[in-house]
Structures are given as structure tokens and as C-alpha cells.
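Asker: Here it is: the structure, laid out below.
The values are calculated or read from the model by the stated rules, or taken from the named source; none is laboratory data. Please read all numbers here as calculations on a predicted model, not as lab measurements. Cβ coordinates were reconstructed from backbone atoms using ideal geometry, including for glycine residues, and neighbour counts include every protein chain displayed.
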Amino acid sequence: MPAKASVKKPVKKTVKKTAKKVTLDDLLKSQEEAWKAIRETQKNIGGLNNSLGSIVERLLIPGLPKKFKKFGYNFHRVASYSYTDGVYAQIDGMLENGEQAIAVEVKTTLRQSDIEDHLVRMEKIQKYAGEHGDKRQFMGAMAAFITDENTKNYALKKGLFVIEPSGEDVKVTKPEGNVRVW
């Protein structure tokens with residue numbers, strides 16, 4: 001038998017590469033680029049959230065004057081406001097007549113912190129109205145697509161109406177006790 005010929009594999013040369021020196025400027029530039037990407041992502045998500053909020057407003061608010069008639073309220077106007085003159089309070093929907101108004105805050109998902117924010121907003125509305133001779137009774141309402149029972153009950157205990165979807169319509173729940181008036 002003939003002897004096996006051995007085949008030698010070529011040897012790869014190892015090349016020592018020197019590590020690239022990273023300067024503080026390089027790190028700052030990378031960090032700045034990362035923050036820019038994060039801000040852009042937040043802007044896009046914020047825009048989507050704003051669009052979703054607008055859809056929720058358009059679905060829940062328009063039929064409300066009719067819904068509140070069953071509670072004895074006759075509203076002839078639905079508007080949105082942003083109060084100024086040192087008092088800022090943006091209102092998604094204001095049901096109005098000459099004697100009463102209900103400020104409706106609309107959320108996709110209702111949270112207790114949203115209720116607390118709306119109570120503060122109602123104080124601002126009352127202050128602004130008082131400073132401008134508006135003698136109407138102001139009440140508050142929370143409208144949301146998603147509401148858990150605990151949060152809903154919290155809003156009702158605070159004297160706020162709760163508005164939520166119900167099939168193809170919306171359902172308005174009046175507080176069990178007195179409606180809070182500002």
C-alpha cells in the first residue's frame with residue numbers, strides 16, 4: 001500500500017489590529033444620535049396617541065346632549081375650549097346651556113390620575129368662570145373606551161358622570177349621590 005500523502009493546509013497569518021481609540025467626542029456623538037432616535041420614536045408614538053384620542057372624542061361626545069336629557073339636563077351646544085388669561089384648562093367637550101355646563105374629559109383608558117387631573121381642571125374652570133362673570137353651574141364627566149370598575153366607582157364617588165361605550169352607543173352613569181357642582 002502506498003503511503004498517504006499528507007496535505008498541508010495553508011497557515012493564516014494573524015494580523016494584530018490596533019483598537020480604534022474612542023474619544024469623548026465619539027461617545028457624545030453616539031449618545032446624541034441615540035437620543036435623536038428616541039425623540040423621533042416618541043414623536044411618532046405621541047402622534048398615534050393623539051390620533052387615537054381624537055377618534056375617541058369623535059365617537060363619545062356628539063350624542064351626549066341627548067343622553068343627558070334622561071337626567072333632566074337640556075344642553076343645546078357641544079364645544080371644546082382652551083381657557084387662558086393665566087388659567088389654562090383644555091376641555092375636550094363642554095355641554096352647555098344658559099344655566100349649566102358639563103366639562104367632559106375624554107381618555108382612551110381611564111386612570112385614577114386622570115380623574116384627579118380633571119378635578120383640578122374643574123377648579124380652574126370655576127375660577128375662570130367666576131372671574132369673567134359666568135354664573136353657570138359647572139359639572140364634570142369622564143369619558144373613556146376602557147374603564148375598570150374600581151376607577152369608574154372612584155369617578156362616581158368624586159361626583160363626576162362616567163361615559164363609556166355600550167354596544168353601538170354610549171352609556172352615561174350618574175353619580176349615586178349628588179352630582180358635584182363647581
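Asker: Quick one: which of 129, 155, 143 is part of a helix (DSSP H, G or I), small (Gly, Ala, Ser) and touching a helix residue (DSSP H, G or I) at 6+ places or on another chain (Cβ under 9 Å)?
Answerer: 155
Asker: Quick one: how many residues across the range 161-182 are over 26 Å from residue 129 (Cβ atoms) and either surrounded by fewer than 13 Cβ atoms within 10 Å (Cβ to Cβ) or β-branched (Val, Ile, Thr) (or both)?
Answerer: 7
Asker: Since residue 121 meets every condition but one in (1) in a helix (DSSP H, G or I); (2) touching a Ser or Thr at 6+ places or on another chain (Cβ under 8 Å); (3) charged (D, E, K, R), which condition does it not meet?
Answerer: So residue 121 meets the others, but not (2).
Asker: May I ask you to list the residues in the range 110-131 that are among the β-branched types (Val, Ile, Thr) and without any contact (Cβ under 8 Å) to a residue 24 or more places away in the chain?
Answerer: The answer is 120, and nothing else.
Asker: Tally time: how many residues in the range 71-92 are at pLDDT below 90 and either out of contact with any Asp or Glu (no Cβ under 7 Å at 6 or more places or on another chain) or of a type outside the set (Gly, Ala, Ser) (or both)?
Answerer: Here the count works out to 15.
Asker: Do we find that residue 109 is surrounded by fewer than 16 Cβ atoms within 10 Å (Cβ to Cβ) and among the β-branched types (Val, Ile, Thr) in this structure?
Answerer: yes
Asker: Another question, if that's okay. Kindly indicate whether any position in the range 154-166 is within 18 Å of residue 61 (Cα to Cα) and without any contact (Cβ under 8 Å) to a residue 12 or more places away in the chain.
Answerer: Checked the range 154-166: at least one residue is within 18 Å of residue 61 (Cα to Cα) and without any contact (Cβ under 8 Å) to a residue 12 or more places away in the chain.
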